[in-house]
1. Check residue D:61 against each of (1) touching a residue at least 60 places away in the same chain (Cβ under 8 Å); (2) closer than 28 Å to residue A:193 by Cα; (3) of a type in the set (S, T, N, Q) and name the one condition it does not meet.
2. Of the residues D:238, D:258, only one is surrounded by fewer than 23 Cβ atoms within 10 Å (Cβ to Cβ), assigned to a helix (DSSP H, G or I) and not acidic (Asp, Glu); which?
3. Please go through the stretch C:241-250 and pick out each residue that is over 17 Å from residue C:145 (Cα atoms), surrounded by 15 or more Cβ atoms within 10 Å (Cβ to Cβ) and out of contact with any Gly (no Cβ under 9 Å at 6 or more places or on another chain).
4. From C:180, C:129, C:155, C:110, which residue is open to solvent by less than 40 Å² (accessible area, probe 1.4 Å) and in a loop (DSSP other than H, G, I, E, B)?
5. Give C:24, C:45 a once-over and let me know the one that is among the hydroxyl-bearing types (Ser, Thr, Tyr) and buried (at least 23 other Cβ atoms within 10 Å of the Cβ).
6. Can you work out which of the residues in the stretch A:55-88 that are more than 9 Å from chain B (Cβ to nearest Cβ) and not in a helix (DSSP H, G or I) is surrounded by the fewest Cβ atoms within 10 Å (Cβ to Cβ)?
7. Are any residues in the stretch C:203-221 open to solvent by less than 20 Å² (accessible area, probe 1.4 Å), under 21 Å from residue B:52 (Cβ atoms) and not in a loop (DSSP other than H, G, I, E, B), and if so, which ones?
8. Tally the residues that are within 17 Å of the chain's Cα centre (by Cα), closer than 17 Å to residue A:209 by Cβ and open to solvent by 40 Å² or more (accessible area, probe 1.4 Å), restricting the search to the stretch D:113-126.
4 protein chains.
Amino acid sequence: MEEGGIQGHVQQTIVSMLKIKNESIRVFLAEALCTFSMMVFGLGSVAQVVTGNGTFGEYLSINIGFALGVAMGVHIGGNVSGAHMNAAVSFTMCVFGRLRWKMLPLYVFAQFLGSFFAAGTVFLIYYEAIHHYCGGNFTVSGPKATAGIFATYPAPYLSIYTGFFDQVLGTAMLLLCLMALADQRNKPVVPRGEPVGVGLLVLLIGISLGSNSGYAINPTRDLGPRIFTLMAGWGLEVFKAGNGWWWVPVVAPLFGGVIGALIYTTFVELHHPDRGSTETLPINEPECVRLDKYKKGSTDICV
Amino acid sequence: MEEGGIQGHVQQTIVSMLKIKNESIRVFLAEALCTFSMMVFGLGSVAQVVTGNGTFGEYLSINIGFALGVAMGVHIGGNVSGAHMNAAVSFTMCVFGRLRWKMLPLYVFAQFLGSFFAAGTVFLIYYEAIHHYCGGNFTVSGPKATAGIFATYPAPYLSIYTGFFDQVLGTAMLLLCLMALADQRNKPVVPRGEPVGVGLLVLLIGISLGSNSGYAINPTRDLGPRIFTLMAGWGLEVFKAGNGWWWVPVVAPLFGGVIGALIYTTFVELHHPDRGSTETLPINEPECVRLDKYKKGSTDICV
Amino acid sequence: MEEGGIQGHVQQTIVSMLKIKNESIRVFLAEALCTFSMMVFGLGSVAQVVTGNGTFGEYLSINIGFALGVAMGVHIGGNVSGAHMNAAVSFTMCVFGRLRWKMLPLYVFAQFLGSFFAAGTVFLIYYEAIHHYCGGNFTVSGPKATAGIFATYPAPYLSIYTGFFDQVLGTAMLLLCLMALADQRNKPVVPRGEPVGVGLLVLLIGISLGSNSGYAINPTRDLGPRIFTLMAGWGLEVFKAGNGWWWVPVVAPLFGGVIGALIYTTFVELHHPDRGSTETLPINEPECVRLDKYKKGSTDICV
Amino acid sequence: MEEGGIQGHVQQTIVSMLKIKNESIRVFLAEALCTFSMMVFGLGSVAQVVTGNGTFGEYLSINIGFALGVAMGVHIGGNVSGAHMNAAVSFTMCVFGRLRWKMLPLYVFAQFLGSFFAAGTVFLIYYEAIHHYCGGNFTVSGPKATAGIFATYPAPYLSIYTGFFDQVLGTAMLLLCLMALADQRNKPVVPRGEPVGVGLLVLLIGISLGSNSGYAINPTRDLGPRIFTLMAGWGLEVFKAGNGWWWVPVVAPLFGGVIGALIYTTFVELHHPDRGSTETLPINEPECVRLDKYKKGSTDICV
C-alpha cells in the first residue's frame, strides 16, 4: 500500500498517522479479526446446513467450513498475533512458555469479542433463513432447534463425564498435532503451509471426534456465541440445556490442550538430538526462527 | 514453444509475427480466457447437479466446481492480468491504487465477455440435458426451474435488504481474505500457491455464505449469464424474478469488496512494523516483488 | 537402493545387470505402469460406487478416484515418460513439438496395455462384488448395468453431435489448463506440485463436464477397458450401445486436445514478453528446464 | 522449549535429565504415538459414521478420517521413526534394506500398542454412543453390528481367495506409490509434503479398493483393535467371523507390500540414469539425503 504512486506522499502521511505501533493493540486487532472471520465462516456453514434442510450441504460441509475458516484465520492473523483463535491454545502456549501470561487476557478478550460479533453477523445474515426454518420459534432442543447453529450441545445420550473426556481428548489431539506441525526438528508443514496444515487438522477432528458434542474444543468459540443467543431470543435455556453443558467446552479444553502438548513433548520433542548436530536439519530453514530471537516474550507461535 | 527444434526458424518467425506486444490487448485476452474457463467449470458444475437430479453431484460439487474453476483461472491469467475474473475485485484494486482506473473498463468488458460466452458454451453442451430435465419449458422459478444454472436468484424468504447485506458480506470476506493471502509481511500463501489458496477461499464462501442467494459476489459472473438466458429462451423473467433481484449482485459486491479490503487494511496491514526492519521477513522472497517495481501502473495484484 | 550397505557389492552388480539403458523401454515401462495405476484407482472407485449401491461412496468419490489416480500416476511416471496416461495428451504434445512423433505409438501402446490390464485387475478384485450386484447377468444398459464400470457410455438423451462436442470441450479444457499449469512464464504450479495440480484439474472436469457421457476425454482410457469387457462377458453390445458411441471418446479428444492447447497458446503463451527480460521471472527456477536442454527430443513435458 | 527464558536454566536441567538418548526408545515412543494418533482419528471417524446413522458423515468421511489421520501421524513421527504406522511398511522397508531387521519387532510392537490403546480410547469416548446405537448388544454382524468400528470384516459375498488378493493388491498399490512419492530421481512430493502426499494416497485407496473388506492393508492396524474388541465385549466372534477372516489382513499385506515395492523398482526406479549425471536432478535438493548418510542403519525412510 505505501508504494501507492501519484498521491504517494499524502497517503504515506496518513498511513504513518494511522499506524499503530503499540504491539498489544496490533495483536488485539489481528486476533479479534481472525477469530471473527473464522467464526463467520464456521457458524455460517452450520446455519446453511441447518436452515437448508439438507439442500445446502451436509455434516461434512460444516467440517470443511470450520477447517477452512481456521485456515483463513491463520492467513489473517498469523504473523501478528499467531492466530490462536482459541483460548485453550493461548493458555497452553502460556503454560509452555511460548506466550507471556500477561498477554493471555488480551488474547481471550479479543477471541471472545470476535466470536460474539461473528455470531451477531451470522444471525443478521441468516435471520430470515432461521425464521423461515423454525417458524419464528427459537428453541434449544426439539426437531426445529436452532441454538446449535451458534454454540455446541451434547448428544442426548452423552453423560457429563464422557462429555468432559470428549472435550479433553479433542483438544489434546489438537494441541498434540499443532506441536508436531510446528516442530522444526521433526516433519513440520512446509514453510507458509501452516494455514492449510491447521485447517486439515481441524477438519480431521470434526470428522472423527465431533458427533458426541459438536467439537467445540475452544472456550471462546463456544461461550461468545452462547451468550449472544441468550440475548438474541433463545433465553436462559442455552445455559441450562444438557444438564448445564455450557461450562464443559469452557473448562475441559484448558486441561486437554496442556495434556496434548505435554504428550507430544514427552514422547517426541524432548528427545530430539541436540541442536548442535544441525547437519541433520532440513535444508529449508524454518520460517519460524523468530521464535528463537524473541524468546519467551514472543507472541508468535509458528503455527 | 519457441524452442521447437527442427522447424525452429520458421516457427520463431510466425511466433514473432503473431506476438501481441500491446499490454492492454494481452491483459484483455488473458482476463477473458481465464474468466471464460472459470465460468465454464462453475456453470458446468451447476448444470450437472441440477439436470442430474442428485445422481451427478450435490451442492458441495457446485462449491468445488467454482472453487477449482477459480484456481484454474488464476493459473491461466495470473501473471498476465492478475486473473481478477470479478469486477468487484478489479474495482477494489483500483480504489486501493493497485490497478489503474483506466484499465477498469477493459477488465470489466473482458470479464463480461468471458462470462457470457461461458454461459453460451455450457448452454450448448447441456442443452439436451436441460431439455430432458425440464421437458423443454425453460422457467425461472418452480420445481423444474433452470435459470439458476446460469445466474443467481434469492431464496423465497430473502428480503432485498438482507440480500444486499448478504452480497456485501460475502464480497467483503472475499476481499478481506484475498488481501491477507497476498500480504507478504503477514502469513501469505506459499509462492505460486495463489491458485489453490484463492480456490479454497471461494469454496469456503460457498459453504458458509451461499444459501441465501447463491453467492454471486461478482457483478460480471452474474450479469453476463443472466443476459444470455434472457436471449436464450428464459425471457424477461430473469430480470423480474426475486423482486428485480438482478441489480443486487451487480451493485452490492462493489461496496463489499472495498469494505472488506478496508477492514483488513485498518485491522492488520496498516500496522505492520516498518519495512526497514526486514530481518523479520520470511526467507523465501515474495514472488510478487513486481508490484514494487511497477508501482501503481502494474496490473499485477499478486493474487 | 544402490547404497544398500552390507550386501552392497552383490546388489550393485545385480542392479547394473538389470538396469535398462534404452530410453524407449524405460519410457514404455513407466508410461504403462503409471497408466495401470491410475486406471486401477479410477475404475476401482467406479466399481465400488456401482456395486456398493450408495453405501461405499457417491459420484464425487469417482471424481476423486480418477483425480488422485492421475496424481499418483504423475508421481510414478512423471520424470521418466512425462506420465501422459492419455493418447490425446501425447498426440497434442507431438503436434506442439514437445514429443517426437515416432514416440507416439510407443506411448499409445503403453497406455493401452496399462488400461487393459487395469480393467482386468479391477474385474478380478470386484468380480464377486459385480456378480453379487447384478446376479451374474453382465449388461450394458438397464437398471443393473455394469459395463459402465469400465468404459464410458452416453446419457440416454445425448445425441452423437452433442456427445462429440462434449468430448472435444472436456479435452480442450484439460489441455488448455495443462498448458497453463506448466507455463513457467505465467503462474504455474509450485515445483513438484504437478501431481496435485493435474489431479485437481481432473477432479474439476469430472465435477463440471462429466454427466453427459462420463468424461472419458482419453482414447486409451476408454478403448482398452471396453475391449476387455467385450472379452470378459459383456459381448459386442459394448461397441453397439449408444448408437455406436465407442468411437467418440477415441476420436473427439484428439481434436479437443489440440484445440485447447491452441487456445491457450494464442490467448496467453504467445504474447509473454521476450525471455530476454528474465528479471521478471519468478525467483524459484522452474524445475522443468530440462525441456530447454533436450529440445524437441525430450519426452518430458513438465506436467 | 529449551529456549524458555526466565526459568531457562532450571528448565534446561530438567530437559537434559528427561531427554532419552537411546535411539531405539526414541523410535519406539514416536512410532507408538503416531500410530495411536492415526488410529484415534481413523477409528473415531468410523465410530461417528456408524453410530451417527448417516447424520454425522458418510463413507467418504471415513476415507478422509484415515487419510488425514495418516498425514498427522507422519507429522508426529516422521523424522524420528519414519512414521510407518503399518507392519507391512516396516517389513517391506526391511526387505529392501531401508530398515534394519532387528528394528522390526520394535516397530511392530510400537504399532500394535498404539493401535490397541487407540481402540481403547475410541471405545471410551464413544461407549455411550455405541450403547445408544445398538442397545447395549455388541455384535459382529447383523443390522446393528458395531465390531466393524474397530477391525475390518469382509463383505458377505467375498471369498477368502478374492479377499486375500484384495489385501495384496491394496497394500501393493500403497507401497508402489509410497516408493514413487519418495523417489528423489523421479517426481516426488514437495519437500515436507510427505504427510499430505501419503494422506492423499490413503484416501485414494479407501475410495477405490475399500468396499470388499474395508482396506485394512495393515496388520497392526487391524489386529490390535480386534484383540481389544475380543476383550471389550464382542467375544470370540471377532476371530470367527467371515470364515476366520482375521488372519488375511495380517498376512496378505506383507506379501502385497513387497510385491508393490518390487514392481515400482523393476518398472521405474532401477532404470534411472546413473546418479553421476546429476545435472538432471531437480534443483531443490531432496530433504531426505539423510538416507545416504545413515546407509542401511537408518530408520528414516523419507516418506
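1. (1)
2. Exactly one of D:238, D:258 is surrounded by fewer than 23 Cβ atoms within 10 Å (Cβ to Cβ), assigned to a helix (DSSP H, G or I) and not acidic (Asp, Glu), namely D:258.
3. C:250
4. Unique residue meeting the criteria: C:155.
5. Selected residue: C:45, the only one of C:24, C:45 that is among the hydroxyl-bearing types (Ser, Thr, Tyr) and buried (at least 23 other Cβ atoms within 10 Å of the Cβ).
6. By that ranking, first place goes to A:82.
7. C:204, C:205, C:206, C:207, C:208
8. 1
The values are calculated or read from the model by the stated rules, or taken from the named source; none is laboratory data. Quick caveat, the model's predicted, so the values are computed rather than measured. Don't worry about glycine lacking a Cβ; one is built from the backbone with ideal geometry, like all the others, and counts go over all protein chains shown. Just the protein is used for accessible areas: all its heavy atoms, side chains included, with ligands, DNA and RNA removed. Shrake-Rupley method; radii C 1.70, N 1.55, O 1.52, S 1.80 Å.
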